[in-house]
Amino acid sequence: MARLDTVLIKTASRCNLDCSYCYVYQGKDTSWKKQPRKMSLDTIDILVKRLLEQSTKQEIGFAIVLHGGEPLLLGKQGMEYLLKSLRDTFDPENYPISIQTNGALLNNDFLDLFSKYRANVSISLDGDKKINDISRLTTKGNSSFDSVIAAIDLLKNHRDYDFLFSGTLSVIQLESSAEDTYNFFKGLGVPSMDFLLQDGNRDRLPKNKYSLTSTEYGQWTAALLDEYLNDSSPVKIPFLDDIIRLSLGGKSFKEGKGAQNFGILIIETDGEIRKNDTLRSSYDGADFFSIRENIKHTGLDKVLNSQEFIDVSELQKPSSEICISCPDVNVCGGGMPLYRWSNENGYNNPSVYCADHAFLIKKVKKIVGSA
């Protein structure tokens, strides 16, 4: 039977920012407009019931991620109802809860809730004010930077800081050097900094990538690796740790790298069950199941055991002969499926970032002696 590894809960289907690269609100898929603005208490009750049902059908727990839109738009009362319902049912050790937020709405009331119910927080921030303002403006076109820095300060000053603050998540902006980016986040005092690649695919090149064979992002991440390894007291960078571990023959712990598949489901604000929503950037409706199931009338196991879910999970492994025959495939894993998309071949392509992956992996393997 298929296993649930991560359930991503859309507590809100709107956002208080208008990020130019957002795959949900700036992409081809517009189904979010038909979703309730936030998840109702009745839907939360059904969701927790469905998650409990699923927990009895597998031997290990699963990660619970609160997402959006902006998850804090659920409001304090709704958030407490959700977190209490989850924690009354699931223990923190086997069912970790994390929240990915832009931080603009974060305050001590929310932090006290997250502390009480053992949910940690990751803050989305791309860099200093100049860099963050490239893409992460408010819906009124104003800078979000100061409010995010204030949120990070609140986290750092909270009594439960060590547990609460998991770190920052950034989309790579090549306008800032890897050195400047690393030093900015280290100067903020964050416990961890992680990075995502810009949205794009074989038909639509990512921002500032000029060809399928160019290595702008490979060079940037390799320079970040130098900063990381040359720092006597480094700040953790999970995606680089993953590449190093996989280059040494280890396993992946998340989608997008290595040879493992992960069972991922998305629950929309109305209770609809969907595929990994990063697929939305491929084409309109890419994250829909052919039968639009909803937790209000369907258990998660029905979806997890469907052939369609098995097929979409297999997408995590590349099918291109170029990838299959590549010595680096067990490290990069072919990259995220969304980066492989083309209208001509679907996902049966190498990643648009293939050359960048190869550039970074070659450097890592040389350093660890596994080349």
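Which ones in the range 28-80 are at pLDDT below 95 and acidic (Asp, Glu)?
Asp29, Glu59
Assuming Gln316 fulfils every condition listed in (1) surrounded by 21 or more Cβ atoms within 10 Å (Cβ to Cβ); (2) closer than 30 Å to Glu53 by Cα; (3) modelled with pLDDT of 95 or more apart from one, which condition is it?
(3)
Could you tell me whether any residue of the range 270-277 is crowded, with 19+ Cβ neighbours inside 10 Å, among the basic types (Lys, Arg) and assigned to a strand (DSSP E or B)?
Scanning the range 270-277, I find at least one residue that is crowded, with 19+ Cβ neighbours inside 10 Å, among the basic types (Lys, Arg) and assigned to a strand (DSSP E or B), so the answer is yes.
Could you say which residue among Leu106, Leu66, Leu72, Leu83 is under 22 Å from Asp160 (Cβ atoms), in contact with a strand residue (DSSP E or B) (Cβ under 8 Å, 6 or more places away or on another chain) and in a loop (DSSP other than H, G, I, E, B)?
Step by step, each of Leu106, Leu66, Leu72, Leu83 is checked, and only Leu106 is under 22 Å from Asp160 (Cβ atoms), in contact with a strand residue (DSSP E or B) (Cβ under 8 Å, 6 or more places away or on another chain) and in a loop (DSSP other than H, G, I, E, B).
How about the range 290-314: which of its residues are in a helix (DSSP H, G or I) and touching a residue at least 40 places away in the same chain (Cβ under 8 Å)?
Across the range 290-314, the qualifying residues are Leu300, Asp301, Leu304, Phe309, Ile310, Ser313, Glu314.
Asp231 versus (1) closer than 30 Å to Arg14 by Cα; (2) among the charged types (D, E, K, R); (3) modelled with pLDDT of 95 or more: which is the lone unmet condition?
Against the list (1) closer than 30 Å to Arg14 by Cα; (2) among the charged types (D, E, K, R); (3) modelled with pLDDT of 95 or more, Asp231 comes up short only on (1).
Quick one: Tyr339 ticks every box in (1) farther than 26 Å from Thr213 by Cα; (2) in a helix (DSSP H, G or I); (3) among the hydroxyl-bearing types (Ser, Thr, Tyr) bar one, so which box is it?
It fails just one condition, (1).
Go through the residues of the range 110-126 one by one and say whether even a single one is closer than 17 Å to Asp180 by Cβ and touching a residue at least 12 places away in the same chain (Cβ under 8 Å).
Taking every residue of the range 110-126 in turn, at least one turns out to be closer than 17 Å to Asp180 by Cβ and touching a residue at least 12 places away in the same chain (Cβ under 8 Å).
For the range 226-273, which positions are within 18 Å of Val190 (Cβ to Cβ) and in contact with a helix residue (DSSP H, G or I) (Cβ under 7 Å, 6 or more places away or on another chain)?
Passing the criteria: Glu227, Tyr228, Pro234, Val235, Ile237, Leu240.
For the range 183-223, which positions are in contact (Cβ under 8 Å) with a residue 40 or more places away in the chain, of a type in the set (Phe, Trp, Tyr) and closer than 27 Å to Val24 by Cα?
Phe185, Phe195, Tyr217, Trp220
So which residues in the range 135-146 are surrounded by fewer than 18 Cβ atoms within 10 Å (Cβ to Cβ) and part of a helix (DSSP H, G or I)?
Asp146 - this is the single residue of the range 135-146 that is surrounded by fewer than 18 Cβ atoms within 10 Å (Cβ to Cβ) and part of a helix (DSSP H, G or I).
Working only within the range 1-56, note down all residues that are in a strand (DSSP E or B) and touching a Phe, Trp or Tyr at 6+ places or on another chain (Cβ under 8 Å).
Of everything in the range 1-56, those that are in a strand (DSSP E or B) and touching a Phe, Trp or Tyr at 6+ places or on another chain (Cβ under 8 Å) turn out to be Thr6, Val7.
Are there any pairs with C-beta distances below 8 angstrom linking a residue in the range 142-155 that is within 18 Å of Cys19 (Cβ to Cβ) and charged (D, E, K, R) to a residue that is modelled with pLDDT of 95 or more and part of a strand (DSSP E or B), with the two at least 6 apart or on different chains, and if so which?
Here the result reads none, with nothing in the range 142-155 linked to a residue that is modelled with pLDDT of 95 or more and part of a strand (DSSP E or B).
Determine which member of the set Ser124, Ser144, Ser55, Ser98 is within 26 Å of Asp277 (Cβ to Cβ) and in contact with a Lys or Arg (Cβ under 6 Å, 6 or more places away or on another chain).
None of the other options fit; the residue is Ser144.
The values are calculated or read from the model by the stated rules, or taken from the named source; none is laboratory data. Just so we're clear, the structure is a prediction, and the values are computed from it rather than from any experiment. So basically every Cβ, Gly included, is an ideal-geometry build from the backbone, and we count neighbours across all protein chains shown.
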